[in-house]
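For reference, the structure is listed below as structure tokens.
The values are calculated or read from the model by the stated rules, or taken from the named source; none is laboratory data. On a predicted model such as this, the values are computed, not experimentally measured, just so you know. Please note: Cβ atoms are built from the backbone with ideal geometry, for glycine as well, and neighbour counts cover all protein chains shown. Surface areas here come from the heavy atoms of the whole protein model, side chains and all, with no ligands, DNA or RNA. Shrake-Rupley method; radii C 1.70, N 1.55, O 1.52, S 1.80 Å.
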Amino acid sequence: MTRLFTLNKYFKKYKGKMSLGILFILISDIAQVYIPLVLKDSIDSLKKNPNIELIIKYALIIFALAVLSGFFRYMIRQTIIVVSRKIEFDIRQDFWTHLLRLSHRYFQNTSTGNIMAHATNDISAVRMYVGPAVMYSIDTSVKFIVVIIIMLSLSPILTVYTLIPLPILSYFVYKLSKKIHKKFTLIQEKFSDITTMAQENFSGMRIIKSYVREIFEIEKFAKESSEYRKRNMDKIKIQALFAPLLFLITGTSIIILILVGGNMIIDGKLTLGDIAAFMFYLGLLIWPTIAFGWVANIVQQADASLKRLQTIYNEEIEIKENSDTDKSITKINGTIKFENVTFKYMDNLPEVLSNISIEIPQGSTLAIVGHTGVGKTSFVNLISRLFDVSSGRILIDGNDIKSIPLNILRENVGMVPQETFLFSDSLQNNILYGVEKANTELLNKVSDISQLTKDVNDFPQKFNTVLGERGITLSGGQKQRTCLARALAINPKILILDDSFSAVDTKTEEEILVNLKEFMKDRTSIIISHRISTVKDADNIIVLENGIIKEQGTHEKLLELGGIYYDIHYKQLLEEELEKE
Amino acid sequence: MSNINKDDEILGKAYDSKLMKRLLGFVKPYKKYVVIAIIMNVVVAALGPLRPYLIKIAIDDYIVNSNYNGLVAISAILFVVLMFQAIVQYFLTYYTQLMGQNIIYDLRIKLFAHVQKLSLKYFDKTPIGRIVTRVTNDVESLNELFSSGIVTIFSDVFIIIWILIFMFFMSWNLTLVSLSVLPILFYATFLFRKKVRESYRDVRFQLARLNSYMQEHITGMSIIQLFSRENREKEVFSDINDAHKTANIDSIFYYAVFFPIVEILSSGAVALIIWYGGGNVIQGTMTIGVLFAFIQYTEMFFRPIRDLSEKYNVMQTAMASSERIFKLLDNSKIIQNPNSPKPLVNFKGNVDFKNVWFAYNNEEYVLKDISFSVNAGETVAIVGATGAGKSSIINLLNRFYDINKGQILVDGIDLRELSKEDLRNQISIVLQDVFLFSGTIASNINLGDESITKEQIIEAAKIVGADSFISKLPSQYNEEVKEKGATLSVGQKQLVSFARALVFNPRILILDEATSSVDTETENLIQKAIQKLLVGRTSIVIAHRLSTIQNSDKIIVLHKGEIKEVGTHQQLLSKKGIYYKLYQLQYKDQEIK
């Protein structure tokens, strides 16, 4: 449970409000607890001192106390529960800030769904602890102590007798909720089985239909659903005990009160007013008794959630600035040098790039071709430091890439990744994503270069057109051109195009390449492509195969060589001819 | 900003008689449960209010009159009533939940079975996630309606009726006085319900926004980092997080006001009872026991009314879900069997396409005037560039879709005159992307068909050459296949799917060869397996392998939805047309190996 103390830093921030909240709990509880005492006096006065004015006075006091208690109950929620929401905000904010720092590798290895589960379920479990659980445990403790003191002062014997059943209730609530929680986990598991089964069935519909397996699939699904029903009933068998146990135990308390208290009245040791007060107090204690068991469970769940959250917090931040970082580096010119660079995704996995050495002079264009999976994307990911080299080094302007401040490096590397990812935001915001301030001139310029302007003009809301589910869906080529514009907008010294024109038609691509030539005049660029037409004008072309540079040279030189590059070139000519048929 | 599915967010009416009528149709098989539940409900509802009345007797008749024995006796009766109430309550909950679970089960199976019947056109157009939600979450939210919603509303009404009976029986004027706070409670509840609903919607909206922001930005994390936008995304997130917080804090306000008001009203009722009832006691027209009973009754009375708002939400969600469920159940995109299908006896496996035109949407034809025939036992290879319409041809022969114009015949009978099941039983299909279900290797080969024995499975696996790797697995044929078959390599999965096709011993085989590259050894296995599969049956192959093409009786060259060339490998090569180019492009490499 010590893990929960790590939350103290959040509580500390709201010390003042929390203390106020606790004070309000005290006031509200005392006012509430005072009501039965007035009730007692009023009932007793009916016998001893029948006076209608006195009764009215008592009635008014009861109402006034209720209003007082109610007002502070309102204030409690406005302080403690509000604080819990603020803490939830803080936890979420910290969580997100941490995620932003985690490395590419983490996101490749962890599914988004998994991270989301932490962000939603676990954080809300922790909030249940910081809010309701804390509120109720303070409220409960205060009420318990005050009520029991008053009950004892009225009649110690009756107090002991009537309270005997209550700990049993707490115990049952705790035990049963624990059991129910377990059963619930089993139910959830089955539910996710059913979900998976449905998902699989619907995705494999072609196979099911063609092998006429529908009946079998329905039976299989029915079997799982039946198991799900059974597990639900297992839970219900226990859950259904809750309500009966609750009024059985509290009812027993009341019966003991009537029996024992009644005897004491007959013996003249107690008044009817005392019984009325007791009855009220027992009523007041029921909720706290349940809350004890309930809170215990919340605390356990919060603890488990916190444990899961901490594994994320303990995740190593692989790529970050450290003592090697040279803060004096504030700009980049763009000469890139690979020195014996070897890269593998994990120690036990084969090498993706083996001992690569190459120099890319400032202002030149390097093109990379090769089949899928030969390490082309890994090559460029190392330059933007999405990953770090496994051995060897990469130098930019003669500085080890690891010594360049991360933001300086990335602000100067414009990357157009293979997978086009755009945010569901306006076109303008997507294109100017890496730019501090909106700038129409820049927006128009990069859109022109990317041959996007004409498309944008066809949209009713031009650059304000929203992308994604709520807006329009761009074609693959439009997406790629938007990604290009986004990379150009940061005015990069190094531009990386990772197969960025695969969905763009050849004519448009040629136009873009012509535009880029001007833009790239003294910038370094690296172009990965499957199309010879894209790479043929590059200053240097390398062919990667199995992690090494198999062929290197200019277009003409490589054609003369008659190797892999020549083969690719020939096939593309054929494809073009086919397209014309 | 977010991808909240509007379809899933609509909250409509809390009660819709048409929907309710249909829902009640599912209750019919459980009439017995309903009767039992109602009887138990009436009993439990009476037992609760009986107790304050018994306590009144204890006070007025025994305590005030100093009757020890009477007090013990009535305490015993109280305890018996309590026990009885507890037991009945337990079974009431149990039976209503059982009923709810059974109804949900029936509904879920019915829905699932309906989806099985839907045509592939439906699956092409509907995201799978959405269909899954119908069968899982939407059905689930009806559970609450059946197991707690309807029943508790009944029992609440019964309780209120019983309390009123007891109260009026004891003192009608004190009843009126103590219930005078009710209109305020009703009003407060009504207002609260309305406000909370609005703010609940806001909270849900903000939460969805928060989640979809996170979802999207976790997916695009590399873009954030590559463009050094961490700090700005932190701020953007902060705004969204803040809006979520504010929405929640706003909703706290309503709870913070409502619950104290209920408490104040409840105490107000007690004060009224003390005032008016106390006065009556002083005048001697009322006993103290009645006062006690009334104080307890007001407490009992408040709870059901306070819970009303919650019930409303349950009803509303259930109505919205059932609307979506019924919409799916009413979907009739089903490829119909003819009324009296022609029998398929001594099926040989002749296939004829006669001037077939086909479009997935409207008039965008993907196949134009396709005619060809395959004699029983022949192998036809279909080749063509991507998008030529190859996959559409094999989709049609299985009657996954109906054609727009023309005719497809097997053994001279139009497909539309056969039952889909008879037809498909004669055809095995192997798709390019192998689909494996979670289960064992064996169950993936026989697809759960018990009539296919273990021996047959092993035999089929041996023929296609899958047995060698399967027998090396720790549990061999009982080895679990993980989600999407992650434990097996691509090549191994293909071999499993070959065994599957073979074990069903079809007359017609449809094979969409996989393009993905595998190691040479597996490639050899696959080549051999394909040759064995083709023997003695009519086969239509979308060919990506040179060996398949060379061994086929006929090659059809499909280009942009039309048949451009037909002939054998050698014939087509010498033509130097489209096939020649395709061959250079797609198959020539295979020669070198």
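As a fraction of the 1.4 Å probe accessible area of chain A, surface on carbon and sulfur atoms comes out at 55 percent.
Summed over both chains, the contact between B and A buries some 12800 Å² of accessible surface at a probe radius of 1.4 Å.
Quick check: residue separation of B:PHE169 and B:LYS327 times 0.36 nm, minus the Cα distance between them. What number comes out in nm?
Roughly 51.8 nm would be gained on extension.
Take the Cα of A:GLN188, step 7 Å toward its Cβ, do the same at B:GLN407, and the gap between the two points is 6.0 nm.
Here the label points at B:TYR200 and B:ASN69, each 7 Å from Cα along the C-beta direction, are separated by 5.6 nm in the simple model. Once all protein chains are placed together, B:LYS462 keeps about 130 Å² accessible to a 1.4 angstrom probe.
Here region A:504-544 and region B:119-185 have alpha carbon centers that stand 66 Å from each other.
For region A:447-462, 3J(HN,Hα) computed residue by residue from phi via the Karplus equation (6.51, -1.76, 1.60; θ = phi - 60°) reads 5, 4, 4, 7, 6, 9, 4, 4, 4, 4, 5, 7, 7, x, 9, 6 Hz, glycine and proline entered as x.
Percent of Cα pairs in chain A per distance bin of 10 Å, from zero to the largest separation: 3, 12, 16, 16, 14, 12, 10, 7, 5, 3, 1, 0, 0. Counted by Cβ distance under 9 Å from B:ASP369, the other residues give a net charge of +1, where Lys and Arg count +1 and Asp and Glu count -1. Of all complete DSSP H helices in chain B, those with a Cα span along the helix axis of 30 Å or greater and a mean Kyte-Doolittle hydropathy of 0.5 or more are B:31-57, B:68-117, B:150-170. Label sites at A:LYS179 and A:ASN333, each approximated as a point 7 angstrom past Cα along Cα to Cβ, lie 7.8 nm apart. The angle separating the long axis of helix A:214-239 from the principal Cα axis of greatest extent in chain A is about 30 degrees. Placing a label point 7 Å from the Cα of B:LEU191 along the Cα-to-Cβ direction, the residues of region A:51-72 whose backbone N falls under 18 Å from that point are A:67-68, A:70-72. Counting, for every residue in B:430-440, the Cβ atoms of other protein chains within 10 Å of its Cβ and taking the mean gives 3.
Give me the percent of DSSP beta bridges within chain A that run antiparallel, rounded to the nearest 5.
Beta bridges within chain A, antiparallel portion: roughly 50 percent.
Checking the cross-link pairs A:LYS86/A:LYS307; B:LYS368/B:LYS493; A:LYS190/A:LYS220; A:LYS13/B:LYS195 against a 23 Å limit on the alpha carbon distance flags B:LYS368/B:LYS493; A:LYS13/B:LYS195 as lying beyond it.
Placing a label point 7 Å from the Cα of B:ASP60 along the Cα-to-Cβ line, the residues of region B:274-294 whose backbone N sits under 17 Å from it are B:274, B:276-294. Peptide packing for A:22-29, B:262-269, B:360-367 was compared via the average number of neighbouring C-beta atoms within 10 Å per residue; ordered from the highest value, the list is B:262-269, A:22-29, B:360-367. Once the 1.4 Å probe is applied to the protein heavy atoms, region B:6-329 comes out at 42 Å² accessible per residue. Among residues other than B:THR538 with Cβ under 9 Å from its Cβ, the summed charge is +2 (Lys and Arg +1, Asp and Glu -1). Couplings 3J(HN,Hα) of region B:444-452, computed from phi: 7, 7, 8, 6, x, 6, 5, 6, 9 Hz, in residue order, whole Hz [Karplus 6.51 cos²θ - 1.76 cosθ + 1.60, θ = phi - 60°; x for Gly and Pro]. Could you tell me how many degrees, from 0 to 90 and to the nearest 10, lie between the Cα long axis of helix A:272-313 and the main elongation axis, the longest principal axis, of the Cα atoms of chain A? The angle comes out near 20 degrees.
Each principal axis of the Cα cloud of the protein assembly as shown was evaluated for its coordinate range; sorted largest first, these ranges are 121, 85, 57 Å. Of B:LEU488, B:LEU573, B:MET319, whose Cα points farthest to the positive end of the dipole of chain B (charges on the beta-carbon: +1 Lys, Arg; -1 Asp, Glu; origin at the Cα centre)? Result: B:LEU573, furthest along the dipole toward the positive end. Here r is the Cβ-Cβ distance between B:THR453 and B:LYS121 and R0 is 30 Å; the resulting FRET efficiency, rounded to 0.05, is 0.25.
Rolling a 1.4 angstrom probe over chain B with all protein chains present gives an accessible area of which 55% lies on carbon and sulfur atoms.
Neighbours of A:ASP498 by Cβ distance under 14 Å: Lys/Arg scored +1, Asp/Glu scored -1, total +2. Which of A:LYS223/B:LYS327; A:LYS12/A:LYS183; A:LYS15/B:LYS234 have a Cα-Cα distance over 28 Å? Going by Cα-Cα distance, A:LYS12/A:LYS183 fall outside the 28 Å limit.
Counting only alpha carbon atoms, the long axis of helix A:15-48 and the longest principal axis of chain A meet at about 20°. Legend: calculated FRET efficiency, A:LEU395 to A:SER475, from the Cβ-Cβ distance at R0 = 45 Å, rounded to 0.05, equals 0.70. A:ASP397 exposes around 50 Å² of accessible area when a 1.4 Å probe is run over every protein chain in place. Rounded to the nearest 0.05, the FRET efficiency derived from the C-beta distance between B:ILE160 and B:MET83 at R0 = 22 Å is 0.35.
The heavy atoms of B:LYS405 offer some 100 square angstrom of accessible surface to a 1.4 angstrom probe.
Computed about its Cα centre, the charge dipole of the protein assembly as shown is approximately 2900 debye, with only Lys, Arg, Asp and Glu carrying charge at their Cβ. Looking at region A:10-313, the accessible area is 40 square angstrom per residue; that uses a 1.4 Å probe and ignores ligands, DNA and RNA.
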